[in-house]
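Data block below; observations after.
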Amino acid sequence: MTHDRASEQTTVASDQIQPWSEALEQLYSEFRKRSRAALKDYEVEDIHQARVSARKLLTLIQILDPDGETGLYRIIKKAQKRFGRVRDADVMIADFKKLRQSAKSEGQMEEAKLYKKMTKLEKSERDRQRKKLSRKLPKIINRKLDKRWQNFIEQELPDFVGQADVRSSLRMLKDDYRKRRHMYQVTADREGASSEQSLDALHQVRIAAKRFRYTAEAAAFALEAKQAEEAKHFKKVQKKLGDVNDRHVRIQIVEDYGAEALNTDEESWNLFRSRLDEQLKTALSEVGEL
């Protein structure tokens, strides 16, 4: 009797395994391909896609293995962080170049010079992060990881799929989003929307929205149409809050370098900072309902 029940459970798991296996293998293949390409010449799109595929892999692994029994989440997360450091610098360089052109077109030549200096400083930071990536990534992503991955797919996946509950995971992520949204609203009412505390709380709302979106997208094969549709809403929220976060991070980077590193006088520095603050407030005013 017990044996028959166990056999039935195995059969059910086998029926469910294929979509999970296909999704995971496709993502892992993309992750490995982009990782190799990224190390070769640090192409911006390869770095970006390596990070994205890693994030999607992490999303599915977390649903299947929430307790981290396989150790795969921890390993791939390390790689994602390394790609993330380079990607963040790539994004800021492109951002500062765009802002420089905008400042020049508006006749803000002093501001354009400061953006040029910021671009140069960020390029130095990117070089540093690229060297770290080249040094550390081969220790993280290698044949040992490939072997561990294949064992997971071929031997362990059926048991994990049998225990996975995507809908429950999404409900928890939505609850987390609502809690973080409430915390932001309370903080913004108390401290003001542009305060550091409120901006940090809003960043947490963005993270929660991003988690829901990526989970719904990565595991769409296991969801009903209504739940998959919700990902579109969270994608819009993520984009709006991403614009705010980008401007906040821009200010933080500028502050970290400071007037001395930019070789500018106090008047130019204050004007520059005021413009950045205005850009942040504009993005905040466009957030609307969350």
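What's the total number of residues in region 190-217 that are free of Cβ contacts under 8 Å to residues at least 40 places away in the same chain and either touching a strand residue (DSSP E or B) at 6+ places or on another chain (Cβ under 7 Å) or polar (S, T, N, Q) (or both)?
Count: 4.
Taking the stated definitions as given, is Glu217 loosely packed, with under 15 Cβ neighbours inside 10 Å and either under 16 Å from the mean Cα position of the chain (by Cα) or of a type in the set (Asp, Glu) (or both)?
Spelling it out, it is not the case that Glu217 is loosely packed, with under 15 Cβ neighbours inside 10 Å and either under 16 Å from the mean Cα position of the chain (by Cα) or of a type in the set (Asp, Glu) (or both).
Restricting to region 236-268, name every residue that is crowded, with 17+ Cβ neighbours inside 10 Å, over 19 Å from Asp200 (Cβ atoms) and not hydroxyl-bearing (Ser, Thr, Tyr).
Passing the criteria: Ala259, Leu262.
Check off (1) under 26 Å from Thr187 (Cβ atoms); (2) buried (at least 18 other Cβ atoms within 10 Å of the Cβ) for Ala222 and give me the number that stays unchecked.
Looking at each condition in turn, Ala222 falls short on (1).
Got a sec? Which of Lys40, Lys33 is closer than 30 Å to Arg130 by Cα, part of a helix (DSSP H, G or I) and either at pLDDT below 95 or assigned by TED's automatic domain parsing to the domain that holds Leu170 (or both)?
Lys40
Could you check region 218-245 and list, in sequence order, the residues that are of a type in the set (A, V, I, L, M, F, W, C) and touching a residue at least 60 places away in the same chain (Cβ under 8 Å)?
Kept after step one, since they are of a type in the set (A, V, I, L, M, F, W, C), are these residues of region 218-245: 218-223, 225, 228, 231, 234, 237, 241, 244.
Result: Ala218, Ala219, Phe221, Ala222.
In region 235-290, how many are closer than 30 Å to Arg178 by Cα, in a helix (DSSP H, G or I) and among the β-branched types (Val, Ile, Thr)?
Looking only at that region, the number is 6.
Within region 269-290, track down each residue that is surrounded by 14 or more Cβ atoms within 10 Å (Cβ to Cβ) and free of Cβ contacts under 8 Å to residues at least 12 places away in the same chain.
Once the filter is applied, which keeps residues that are surrounded by 14 or more Cβ atoms within 10 Å (Cβ to Cβ) and free of Cβ contacts under 8 Å to residues at least 12 places away in the same chain, region 269-290 yields only Trp269.
Tell me the helices (runs of 4 or more DSSP H) entirely within region 128-219 that contain at least 1 residues that are under 28 Å from Arg250 (Cβ atoms) and either assigned by TED's automatic domain parsing to the domain that holds Phe31 or basic (Lys, Arg) (or both). Break it down stepwise before answering.
Details: elements: 143-151, 157-163, 166-191, 196-218.
Result: 166-191, 196-218.
Taking region 82-127 as the search range and keeping residues that are in a helix (DSSP H, G or I) and polar (S, T, N, Q), which one is surrounded by the most Cβ atoms within 10 Å (Cβ to Cβ)?
The extreme case among them is Thr119.
The values are calculated or read from the model by the stated rules, or taken from the named source; none is laboratory data. As the structure is a prediction and not an experimental result, all values here were calculated from the model. Positions of Cβ are generated from backbone atoms using ideal geometry, with glycine treated the same way; all protein chains shown enter the neighbour counts.
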